[in-house]
Amino acid sequence: MLGGRLRRLAPLAGAVVLLASGCAKKAPQTTLSPKGPEARTIANLINPVFLVAGVVFVLVLGGALFVAIKFRARDDDDFDAFPAQVHGNFKLEIGWTIVPAIILAVIGALTVSTIFTLSKKPVAGALHVQVTGQQWWWEYRYDLNNDGKFDEIVTANDLVIPEGRQIALTITSRDVIHSWWAPALNGKKDAVPNHRSPLTIQADHTGEFIGQCTEYCGLSHAQMRIKVISVSADEFTKWADNQQKPAANPTEQAAVEGWKVFAGQCTSCHRVNGLKDPSAPTKDFAYPNVVNQRAGVVPNLTHLMSRTTFAGATFDLRKSDDSADGRYCKALGIHWADKPADLTRCLNRVDLEAWLLDPPGRKPMAPGPAMSPASRGMPNLHLTGQQIDYLIAYLSTLK
């Protein structure tokens, strides 16, 4: 008897567990909390559709339960009895044919209208940004003077935008198909090699909006994250001005030693705009002439410390836990590295050191032999602890 009851309760328990698994106190990638006009346009379509679907679900499931309970067999003789049939009832058959057709027609018309609304050309004052998906991170190139060249700012991981201003994204890929999606701001858009796909976003207010690559693109697809940071117009102007400046030359001894490590180990792939040899500060650094030069398919590090994440937004560049330091660092704006004291206090050295020590061990990749055209991701350079300390000292100057 008890076993029979447990078996009957099992489906109910499964349904409760399934429902509970969809609950979350913090859900930054929810589609149910639009924070921009494009996302609200989608919500204005989805919410009524969900409501209609819910009503249909209740009616269909309720009807099925009603029939199952009312006409269930109560004794052995009932198994051969048939309830009254409705086949041939003209009104019923027309009704359950016409009503669903009308519902689908209305939903179809609203869907087409929403698609046309979202596909409108950006306004004249929109900020244009090219988004390039790569295994496994996002590159952002800004066209500040609207000349179509996307060459004023080159950054990675954090897409910084001014609040209340329309952002016209041009989305593409350098390798395989990716998909860019920040659900609080708009729907997803595939990043396809040799193809340019437009997408418009706009943030109602300042804040961080989290997203994710939604097209399986290889080993670290799940760790190809998106962060959109909306700031005030003044903050954005300050950020943009700083991003266009060349990197400062290191002066402290540890940072100079770190420059030597960077120049010898990292410049075959990474770029730092305005990089100079500290021993010849008036002369531009001569990047090594490597046949399989991978610069352009790895993040530009010119202003690394102006970002909040690294390694494809997999790790926080500053502390983000619930400790006193973590709360303080989370409260800082995008210029958190302006003050040496803040950088010393907030830099997430634990993850940064672990990354430099063994990148493939921290993020699934396929780095292969260094500089191999088939490699994907950062290889293990087998840096010593001293080299890592020096390298972090140099990277900390890239504000």
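For the stretch 127-243, the relative contact order is 27 percent, taking Cα pairs closer than 8 Å that sit 6 or more residues apart in sequence and dividing their mean separation by the residue count. Give the residue list of GluC sites (Glu not before Pro) in the stretch 212-269 that are DSSP loop and have at most 16 other beta-carbon atoms within 10 angstrom. Here the sparse-neighbourhood loop sites are E252. Applying 1/(1 + (r/R0)^6) with r as the Cβ-Cβ distance of V123 and A286 and R0 = 56 angstrom yields a FRET efficiency of 0.80. Which distance in Å, rounded to a whole number, links the C-alpha centroids of the stretch 43-95 and the stretch 180-255? Cα centroid of the stretch 43-95 versus Cα centroid of the stretch 180-255: 49 Å apart. Local charge for L352 was computed over the other residues whose Cβ lies under 14 Å away, with Lys and Arg +1 and Asp and Glu -1, and equals +1. Using a Gaussian network model of the chain in which every pair of alpha carbons under 10 angstrom is joined by a spring, one finds that among A13, A280, A124 the greatest mean-square fluctuation is at A13. Extension gain for N145-D338 works out to 66.9 nm (0.36 nm per residue, less the C-alpha to C-alpha distance). GNM remark for the chain: springs join alpha carbons under 10 Å apart, and the peak mean-square fluctuation among V231, V52, V256 falls on V52. Can you give the local net charge around P193? Use residues other than it whose beta-carbon is closer than 9 angstrom to its beta-carbon, Lys and Arg +1, Asp and Glu -1. So the surrounding residues net to 0.
In order along the stretch 353-365, the Karplus-derived 3J(HN,Hα) couplings, from 6.51 cos²θ - 1.76 cosθ + 1.60 at θ = phi - 60°, round to 5, 5, 5, 5, 6, 7, x, x, x, 9, 8, x, 9 Hz, and Gly and Pro are given as x. Each of P193, G326, A337 was placed along the dipole of the chain (beta-carbon charges, centred on the mean Cα), and the one lying farthest toward the positive end is G326. The slack in the chain from H205 to L104, taken as 0.36 nm per residue of separation less the alpha-carbon distance, amounts to 32.8 nm. Residues K283, K189, ranked from the fewest to the most other C-beta atoms within 10 Å, line up as K283, K189.
What the phi angles of the stretch 50-61 give under the Karplus curve with 6.51, -1.76 and 1.60, with θ = phi - 60°, is a coupling list of 4, 4, 4, 4, x, 5, 4, 4, 5, 5, 5, 5 Hz, glycine and proline written as x.
Have a look at W181, T397, P299 and report the one farthest towards the positive end of the charge dipole of the chain, computed about the Cα centre with Cβ charges (Lys/Arg +1, Asp/Glu -1). Value: W181. Database remark: amide H of A156 closer than 5 angstrom to the amide H of Y140 (H placed geometrically; neighbours at sequence offset of 5 or more, or on other chains; Pro and chain starts carry no H). A simple spin-label model places pseudo-atoms 7 Å from Cα toward Cβ; at L59 and D277 they are separated by 7.9 nm. Counting only Cβ charges, +1 for Lys and Arg and -1 for Asp and Glu, the dipole size of the stretch 173-299 around its Cα centre is about 340 debye. Judged by the ratio a/c of the largest to the smallest principal axis of the C-alpha gyration tensor, the stretch 20-117 counts as oblate, that ratio being 1.5 or greater while a/b is no larger than b/c.
In order along the stretch 235-244, phi translates into HN-Hα couplings of 5, 5, 4, 4, 5, 5, 4, 5, 5, 8 Hz, rounded to whole numbers, per the Karplus curve 6.51 cos²θ - 1.76 cosθ + 1.60 with θ = phi - 60° and x for Gly and Pro.
Along the axis of the charge dipole computed for the stretch 127-243 (Cβ charges of +1 for Lys and Arg, -1 for Asp and Glu, origin at the Cα centre), the listed residues I171, H128, A222 are led at the positive end by A222. Give K227/K319; K260/K283; K227/K330; K120/K188; K188/K363; K149/K260 a once-over and call out the pairs whose C-alpha atoms are over 22 Å from each other. From K227/K319; K260/K283; K227/K330; K120/K188; K188/K363; K149/K260, over 22 Å: K188/K363; K149/K260. Once you list every other residue whose beta carbon is under 15 Å from the beta carbon of D277, what net charge do they have if Lys and Arg are +1 and Asp and Glu are -1? Residues close to D277 contribute a combined charge of +1.
With springs only between Cα atoms under 10 Å apart, run a GNM on the chain and tell me which of A341, A126, A68 wobbles the most. So, out of A341, A126, A68, the one fluctuating most is A68.
Put simply, the amide H of S173, placed in the peptide plane, has neighbours under 5 Å in G133, V192, N194, H195, leaving out anything fewer than 5 places away on its chain.
Annotation: for a label point projected 7 angstrom from Cα along Cα→Cβ of A354, residues of the stretch 309-330 with backbone N closer than 11 Å are 315-316. Using a simple spin-label model with pseudo-atoms 7 Å out from Cα toward Cβ, T30 and T111 lie 2.6 nm apart. Rounded to the nearest 20, the Cβ-based charge dipole of the stretch 127-243 about its Cα centre (Lys and Arg +1, Asp and Glu -1) stands at 340 debye.
The peptide list 100-108, 356-364, 300-308, put in order of mean Cβ contacts within 10 Å with the highest first, becomes 300-308, 356-364, 100-108. Each Lys and Arg adds +1 at its Cβ and each Asp and Glu adds -1 at its Cβ; summed about the Cα centre, the chain shows a dipole of about 160 debye.
Here, each number is a calculation from the coordinates, and none is a lab measurement. Keep in mind it's a predicted model, so treat the numbers as computed, not measured. All Cβ positions, glycine included, derive from the backbone under ideal geometry; neighbour counts span all protein chains shown.
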